[in-house]
1. Any number yet on Rg/Rh for region 189-277, C-alpha, Kirkwood?
2. Taking the Cα-to-Cβ direction at GLU219 and at GLU173 and moving 7 Å from each Cα, how far apart do the two end points lie in nm?
3. Calculate the dipole size of the chain relative to its Cα centre from +1 charges on Lys and Arg beta carbons and -1 charges on Asp and Glu beta carbons; express the result in debye to the nearest 20.
4. With the Cα gyration tensor of region 110-200 in hand, convert its eigenvalues to equivalent ellipsoid semi-axes via √(5λ) and list them largest first in whole Å.
5. What are the equivalent ellipsoid semi-axes of region 149-218, built from the alpha-carbon gyration tensor (square roots of five times its eigenvalues), in whole angstrom, biggest first?
6. State the Cα centre-to-centre distance between region 248-314 and region 111-181 in whole Å.
7. For region 322-445, report the accessible area per residue in Å² (1.4 Å probe, heavy atoms, rounded to an integer).
8. Let's test the formula: R0 of 30 Å, r as the Cβ-Cβ distance of ARG323 and GLU64. What FRET efficiency results, to the nearest 0.05?
Amino acid sequence: MRALLTGAALLLAAAQLPAAPLTLPEALRTAARNSLKAETARVERAKALEETAQVKSLYLPEVELDGGHLNLQHQPKLMGEPLTIAGMHVGPLVSPLADTSSWRWKLSVNYLVYDFGKRGRALDAVRSKEAAIGAREDGEVRRTQAEVASRYVGLLHLKAQRRVLAQRRKAIEDHLKIVKDLYQQGVVARNDLLRTEVALRTVGDAERALDSAESGAREALNVAMGLDPAAALELPDDLAAPPAVPWTETEARARAEAANEGVKALQAKVKALDSQVALKRGDYTPNIVASAFHSYEQNTWTPNPNQNGLYLGVSWKLFDGARASRVRAAASEAELGRRQLREAGHQAGNAAAAAWREYQVALQEARTSEANVAASEENFRILEDQYREGLAPSSDALDAEALLADSRFALAARRYRAYAQQAALLAVIGEDLPAFYERSTVKEP
């Protein structure tokens, strides 16, 4: 009993513990499991596997059973020539051939013994198509993960803006205390008080707008991850600087041209098209076929109602006017696929290089914003002190506070923009996003 109570107490305590914040790798894996793109990928892969299974079935024999009951209006008979017996003409001899009511069935086994490699080429084609579909769907999931990463850091950006607004509210409230104190002493005019109150109300409006934006961002992130829009979502308060990207621009371009899922999909597609060309050319070759059967036909007029048979022969279409045209069409499609593959490689490389440059720009802007925040903090401190001493007007102090808030907003925006650009880069080069963010411990300087 005591153990039961202890277990219940532990469960109750665990239920009261706050949920652990959703990390970025966990959000990306959730998208890979639950998003619409992930579900579509699973369905497309399953369809491709079934198509492969259908082609594999060509290596198996076909077994067919036909049977039933036959009823005839007239009994089948064989009529011979008229006969003459002892000088007398006798009518033709009539012999029954079958019963008017009978059971019959036939069991046959047909097998393609040899087709000069056509089945193998068909199997190569569907397996390459299967690989193409898999790579294409992996790319769709990867792009969804990049979108989720962007929405995830976008939501954290809103939380960072809320912290900046909280800092701004405190700074203005502190300044308002100074203004009230100086106003009561008759040192400053009432307009200083009014201007500060206006700035404080503006912060309140910004906080309410941020509440609405944050709710919408949470719902959008849930939908992108394949969850219910109203699902509870707890995120960390902040993220450290983005982990280091270990590739140069040239290396990123090369990785994209080799590992991008779109490029991989086209590589598999070209392989499938080449197999299709070979398959169409195989139409010129014969097939060696075999068939074995056993049949039964109920018939009182035949001594052998059961029949067994074995056939081995060649099936060869000697002439088909469209055969050469089909080969040329398949060859043209394969050539077009190779052209598309080259173009996709160039586009993936360009996209990777552009994403790498955008990421580097975002990092540099974040470092610039860090310096701007430090300078703005010092500027605000100086002007606040000068205002206390009557050496600067209130408008200068409020402008300094606004500059500080803008610098903090810019720092948050650029840091999270760097994350979004990094996720886009990882997606285009075919990197595993959750694994990258989990194993990366080195941070950007």
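1. Rg divided by Rh gives 1.32.
2. Between GLU219 and GLU173, the simple spin-label model gives 3.0 nm.
3. Dipole magnitude for the chain comes out near 1160 debye.
4. 76, 8, 6
5. That gives 34, 10, 6 Å for the three semi-axes.
6. With region 248-314 and region 111-181 each reduced to a Cα centre, they are spaced 39 Å.
7. So region 322-445 comes to 48 Å² accessible per residue, rounded to a whole number.
8. Computed FRET efficiency for ARG323 and GLU64 comes out at 0.60.
The values are calculated or read from the model by the stated rules, or taken from the named source; none is laboratory data. Please read all numbers here as calculations on a predicted model, not as lab measurements. Counting neighbours? That spans all protein chains shown, and the Cβs are built from the backbone with ideal geometry, glycine included. Surface areas here come from the heavy atoms of the whole protein model, side chains and all, with no ligands, DNA or RNA. Shrake-Rupley method; radii C 1.70, N 1.55, O 1.52, S 1.80 Å.
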